[in-house]
Amino acid sequence: WDMFVLAFLERLFRPTFRKDDFVLGKKLGEGAFGVVYKVALANKSSAKQGDLVLKKATEYGAVEIWMNERVRRACPNSCADFVYGFLESSSKVKGGEYWLIWRFEGEATLSDLMLSKEFPYNVERMILGEDQDLPKGLERENRIIQTIMRQLLFALDGLHSTGIVHRDIKPQNVIFSEGSRTFKIIDLGAATDLRVGINYIPKEFLLDPRYTAPEQYIMSTQTPSAPSAPVATALSPVLWQMNLPDRFDIYSAGLIFMQMAFPALRTDSNLIQFNRQLKRCGYDLVEWRKTVEPRASPELRKGFELLDLDGGIGWELLTSMVRYKARQRTSAKAALAYPYFDREGLLRLSFMQ
Ligand code: ADP
Ligand code: MG
């Protein structure tokens, strides 16, 4: 009840918007299920809100609004700041469009940043807000990557503790928030909330094959039936324990870790090729390493060297995320307790100078 009353009051006092309040700006993205624009508020007096982002979504927009509302109450730091969502029924689209509004977090996704030749130093500059002018080297790259992984796992832990599995974790859906100088997760369009059975029926066609874990369904197909609202709250923590659906996102996050350590894997074609190799090795990273390391390029070798620093604690974390069996993968919370994160990250590094 408390949750209900709070949510109601919060809604009552939050500003509401309609179609004419927005002036469309640059197009930021276009997928099969919606178009995303940078927008400004038409009314200059309310323009102190700053830039916003608008997603015009098809029928799945309803679920995405629900997910964003839940996230902004339960784990607000995990995802981009959600402002408002509504059904815009005056549009020409049959059945109307769902309009979703967020705060504009920043210009760059992790994908944009990773494609730069400067990565990971460009990220260091954004997180610290200044040039460090330290000698570049493997140790320093490792600390930057470690800091990014920590922020990503922290955001994932928030979602998972709320009962939400994102299912589309990839660098394109991780945005650098210029305000908080941290990475946040975006795009809850394929997310599923197992505790209340929202979007329980897997929309497998929404998933990105480049980053998906080998299991096709995140819940065992033997799980009797989709939980329906009231029962589900009591029932599904058990289902959660049985199926560990959060480990689906952990696999994807592990692939992002791989891409950060091995620059070659940042292109689509090489990532796809890597996925094939890994499949051939039975999704066993240790096995994969044995097959590629003997004839590895200097660049690939550098990636292994980075993960082997400090007694191989990076490699240990990576291999506990990218595993065939979901049950054998670490959770986000457990990953954050790995020795890899005991080392001082970026911020400490700058204080020590
Ligand atoms: P989709 O992938 O379904 O097209 P996303 O929600 O991933 O939609 O958004 C598309 C793109 O828009 C993102 O990759 C990002 O570049 C940009 N974007 C989305 N949300 C924000 C935000 N809150 N702040 C800044 N940019 C955003
Ligand atoms: Mg996206």
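The values are calculated or read from the model by the stated rules, or taken from the named source; none is laboratory data. All values reported here derive from a predicted model rather than from experimental measurement. Reconstructed Cβ throughout: ideal geometry from the backbone, glycine too, with neighbour counts over all protein chains shown. With ligands, DNA and RNA removed, areas are computed over all heavy atoms of the protein, side chains included. Shrake-Rupley method; radii C 1.70, N 1.55, O 1.52, S 1.80 Å.
Here are the numbers for the structure shown:
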{"read-out": "Cα-centre dipole for segment 151-192 with unit charges at Cβ (Lys and Arg positive, Asp and Glu negative), debye to 20", "value": "40"}
{"read-out": "Over segment 135-195, relative contact order from alpha-carbon pairs under 8 Å, at least 6 apart, %", "value": "35"}
{"read-out": "In segment 302-345, GluC sites (Glu not before Pro) in a DSSP loop with at most 16 other beta-carbon atoms within 10 Å", "value": "GLU344"}
{"read-out": "Radius 10 Å from Cβ of HIS160, net charge of other residues (Lys, Arg +1; Asp, Glu -1)", "value": "-1"}
{"read-out": "Cα centroid of segment 280-308 to Cα centroid of segment 30-44, whole Å", "value": "42"}
{"read-out": "Extension gain from ALA337 to LYS26, taking 0.36 nm per residue of separation minus the Cα-Cα distance", "value": "107.9 nm"}
{"read-out": "Projected label distance in nm at ASP308 and LEU87, using a 7 Å step from Cα toward the beta-carbon", "value": "6.0"}
{"read-out": "Accessible area in the full protein assembly, largest first, 1.4 Å probe, for TYR283, TYR324", "value": "TYR324, TYR283"}
{"read-out": "Selected from ASN122, ASN77, LEU134, residue furthest toward positive end of dipole (segment 70-182; charges at beta carbon)", "value": "ASN77"}
{"read-out": "Cβ-derived FRET efficiency at R0 35 Å, ASN270 paired with LYS325, nearest 0.05", "value": "0.85"}
{"read-out": "Long-range HN-HN contacts of VAL83 with modeled amide H, under 5 Å", "value": "ILE101, TRP102, ARG103"}
{"read-out": "Exposure rank, largest accessible area first [ASP208, ASP342, ASP310; 1.4 Å]", "value": "ASP342, ASP310, ASP208"}
{"read-out": "Linear extension gain, GLN132 paired with LYS279, 0.36 nm per residue minus alpha-carbon span", "value": "48.9 nm"}
{"read-out": "Trypsin sites (Lys or Arg not before Pro) within segment 19-119, DSSP loop, no more than 10 other Cβ atoms inside 10 Å", "value": "LYS92, LYS94, LYS117"}
{"read-out": "Inverse mean reciprocal Cα-Cα distance (Kirkwood Rh) of segment 1-119, Å", "value": "15.7"}
{"read-out": "³J(HN,Hα), Karplus 6.51/-1.76/1.60, whole Hz, each residue of segment 148-163, x for Gly, Pro", "value": "5, 4, 5, 5, 5, 5, 5, 5, 5, 4, x, 4, 5, 5, 7, x"}
{"read-out": "Accessible area in the full protein assembly, largest first, 1.4 Å probe, for GLU130, GLU97", "value": "GLU130, GLU97"}
{"read-out": "Residue among ALA264, GLY282, LEU307 farthest towards the positive dipole end of segment 253-344, charges placed on Cβ", "value": "GLY282"}
